[in-house]
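For reference, the structure discussed in these notes is given below.
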Amino acid sequence: MPAKSIMIQGTASDVGKSMICTALCRIFSDDGLKVVPFKSQNMALNSFVTEDGGEIGRAQGVQAEAARVVATTDMNPILLKPKQDMVSEVIVHGKHFLNMDAKSYRNQFVQQAMPIVEKSVRTLQNTYDVIVLEGAGSPAEINLKNRDIANMRMAHLADAAVVLVADIDRGGVFASIIGTLALLDDAERARVKGLIINKFRGMRELLDDGIEWVERETGIPVLGVVPYVDVNIEAEDSLALSALRFKKPKPGEFSVDVAMIRLPRISNFTDIDPFFDEPEVGVRLIGNVAELGTPDLLILPGTKSTMDDLAWLKAQGFAQAISNLRARGTKIIGICGGFQMLGEVLLDPDAVEGNGDSAQGLGLLPMETVFVGDKKTVQMSGTRGTETLTGYEIHLGRTKILRDEVSPFLQLADGRVDGAVSADEQVIGTYFHGLFHNRNFTRQLVNNIRISKGLATLPTDVKSDAERREDAYNMLASHVRANLNMEKIYEMLKIEVHG
C-alpha cells in the first residue's frame, strides 16, 4: 500500500513549516511508523551532504535524522542555491546540473523537473508508511502557481492531506489564513484538512473567539496553537539569519567575543551555531567594518561565490581590518570560501566563479586556489592530534600550499590532508564544514582563548552534538504533540496507531 502523505504548507515564508515537519517526523517515528521527509524543490544556501555525496536542503537532512532514517536525494530531488543576482545553481539528485537564471528556470526547467520529482515521490511511497511533505513559501502566489512544483502540485501528486501553517507572531494571522484559502481553486482548497497557528505568545484563551470564527467561516478545523519555542535545530536558509540568536553584547559583557562576517552570499552559516551554547561567549554577526571591533575570534564563513564576496570584503575595508586584527592577536578561522579568501591568490581560468578573473587573497596563509567545475561534496572525518573530528565538504576550488611555513589542519581518514594552520596557530583555514559541531574541539578552542585572557577554563565534559540534536528533536516533538490534535491528524491520514 502506498504511503500516506501529509503536506505542511504555509501562508508565507518562515512561518515554521520546517520545524513542524521536523516535529511530525519524530512524532510519527516515535509512534512506530516508518516516516520520511520530502520537499520537491528547495532554495537554500544551507545544504546537507548525504552518505553517498549528494547535496540536499539542510532541512530535509535534519528531518531525516528526526525521522531516524538515512537521508537520500529522493527526499529533496531539486535544490536551488542562489549564486548571483537572479542566478542559481540547479542541483538535481544531489549533483550539479547547471547554473540558470530565474526566468529560464521557470520557463524551461520546471516541466523538465516534474518527471524527476514524481519518480522520487513514487520511490518514497513504495518504501515508507508516511511521507511528510514540506511546501515552499505560500501556495497562493497567483503569479507563480502555474509553474509552482513545490506546493499544491505536489499535494495532488502525492494525494496528500494539506495542513496550512500561519505565523501569529508576525500579526494578521486570521487574515493570512482567509486570504490564502481565498486564492486557492476549489480542488486545492479541498485538500486543506487542517490549520495550525504557530509561534504563539500570550494567553491562549484570547484566541478562542477568533478560532471559532475561522473554523465556522472555512469549515476547516484548527488542529492546534503551537507556542513559540526556541529549539536548537539548525536553520535552513540565510533568510533565517535575522532570527538567529546573535548576541549584541555591550563592551565587556561576555568573556569571549566571537564575530562572524556576514558575507553577501553567505552559505552554511550554521557552522557557527555551537558557539551559542558556550557559556560566557558573545556571538556577533558583522556587516560592516565599523562593527568589527577587536574580537577574540573572527570567523570567515562559507560563501556561494568566493570571488564576489572577496571583492566585497575589500571594497568594505575588511581586508586591512582583518590584517590589523591578525597583528593584534585575534584568532582567525576561515571555512570553505572563507578559507580560500585567506590565501594569496585565487584563480578562475574556466570562469567557474564568474568571468574568469584572478584575485589576490587576504594573504594570511601561503596558498593558491584554482576553481574547477567538479564540485566536491562528501562527508568526511579526520584527526588533529589525538582527536577525531567529523564534518563535510562542499566546494569547487582546489587549494595547494605554496610554502612549508604552515602545517595541515587535519589528517583525513581517506589519506588526504585538509586546510592550513599558521606557525603560531593564530590563523586556521579548512574546507571542513561542521568543525565547531565537534563540541570537544570547540570547548578547547574557547578555553584556549580564555587562558590567553587570564580566565579560568570551562569544564571539558561537554555533551556531544549528536546527543544535543536528539534532545532537541525530542523536546520539539513533545512540545508540538502537546499542542496539536494528533488524533485528528491520524484520523485525517486514515492511520490507526496503537499504544
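Summary of computed values
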| quantity | calculated |
| --- | --- |
| Filtered residue count, the stretch 138-150, keeping only those that are out of contact with any helix residue (DSSP H, G or I) (no Cβ under 7 Å at 6 or more places or on another chain) and either modelled with pLDDT of 95 or more or open to solvent by 20 Å² or more (accessible area, probe 1.4 Å) (or both) | 7 |
| Residue within the stretch 445-464 that is in contact (Cβ under 8 Å) with a residue 40 or more places away in the chain, surrounded by 19 or more Cβ atoms within 10 Å (Cβ to Cβ) and among the basic types (Lys, Arg) present | no |
| Qualifying residue in the stretch 156-164 (condition: modelled with pLDDT of 90 or more, buried (at least 19 other Cβ atoms within 10 Å of the Cβ) and in contact with a Gly (Cβ under 6 Å, 6 or more places away or on another chain)) | yes |
| Criterion: touching a Ser or Thr at 6+ places or on another chain (Cβ under 7 Å) and basic (Lys, Arg) - qualifying residue of Arg469, Arg416, Arg450 | Arg450 |
| Checking Lys376 against (1) open to solvent by 40 Å² or more (accessible area, probe 1.4 Å); (2) assigned to a strand (DSSP E or B); (3) within 30 Å of Glu291 (Cβ to Cβ), the condition it does not meet | (3) |
| Matching residues in the stretch 104-136 - criterion: being over 25 Å from the mean Cα position of the chain (by Cα), open to solvent by 60 Å² or more (accessible area, probe 1.4 Å) and modelled with pLDDT under 95 | Asn107, Gln108, Gln111, Gln112, Pro115 |
| Candidates Asp101, Asp74, filtered to the one that is farther than 20 Å from Leu493 by Cα, surrounded by 20 or more Cβ atoms within 10 Å (Cβ to Cβ) and among the charged types (D, E, K, R) | Asp74 |
| Residue identified as under 25 Å from Ala64 (Cβ atoms) and either open to solvent by 70 Å² or more (accessible area, probe 1.4 Å) or more than 27 Å from the chain's Cα centre (by Cα) (or both) among Glu491, Glu467 | Glu467 |
| Residue satisfying all of: in the stretch 413-433; open to solvent by less than 10 Å² (accessible area, probe 1.4 Å), of a type outside the set (Val, Ile, Thr) and closer than 14 Å to Arg384 by Cβ; nearest to the chain's Cα centre (by Cα) among these | Phe432 |
| Residue identified as assigned to a helix (DSSP H, G or I) and either surrounded by 15 or more Cβ atoms within 10 Å (Cβ to Cβ) or among the small types (Gly, Ala, Ser) (or both) among Ile322, Ile299 | Ile322 |
| The stretch 332-372, residues that are assigned to a strand (DSSP E or B), in contact (Cβ under 8 Å) with a residue 24 or more places away in the chain and farther than 13 Å from Val427 by Cβ | Val345, Leu346, Leu347, Ala359, Glu368, Thr369, Val370, Phe371, Val372 |
| Boolean, Arg153 is of a type in the set (Lys, Arg), modelled with pLDDT of 90 or more and either assigned to a strand (DSSP E or B) or farther than 28 Å from Asp30 by Cβ (or both) | yes |
| Test for Val370: is it open to solvent by 10 Å² or more (accessible area, probe 1.4 Å) and under 19 Å from the mean Cα position of the chain (by Cα) | no |
| Count of residues meeting criterion [over 15 Å from Ile333 (Cβ atoms), in a strand (DSSP E or B) and hydrophobic (A, V, I, L, M, F, W, C)] in the stretch 392-433 | 5 |
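Conditions (1) within 21 Å of Met380 (Cβ to Cβ); (2) of a type in the set (Gly, Ala, Ser); (3) out of contact with any Ser or Thr (no Cβ under 8 Å at 6 or more places or on another chain); (4) open to solvent by 10 Å² or more (accessible area, probe 1.4 Å), marked per residue:
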site: Gly57; (1), (2), (3), (4): yes, yes, no, no
site: Glu65; (1), (2), (3), (4): yes, no, yes, yes
site: Ile78; (1), (2), (3), (4): no, no, no, no
site: Pro82; (1), (2), (3), (4): no, no, no, yes
site: Val87; (1), (2), (3), (4): no, no, yes, yes
site: Val90; (1), (2), (3), (4): no, no, yes, no
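The values are calculated or read from the model by the stated rules, or taken from the named source; none is laboratory data. Values in this document were obtained by computation on a predicted structure and should not be read as measured data. As a convention, Cβ positions derive from the backbone with ideal geometry for all residues, glycine included, and neighbour counts pool all protein chains shown. Just the protein is used for accessible areas: all its heavy atoms, side chains included, with ligands, DNA and RNA removed. Shrake-Rupley method; radii C 1.70, N 1.55, O 1.52, S 1.80 Å.
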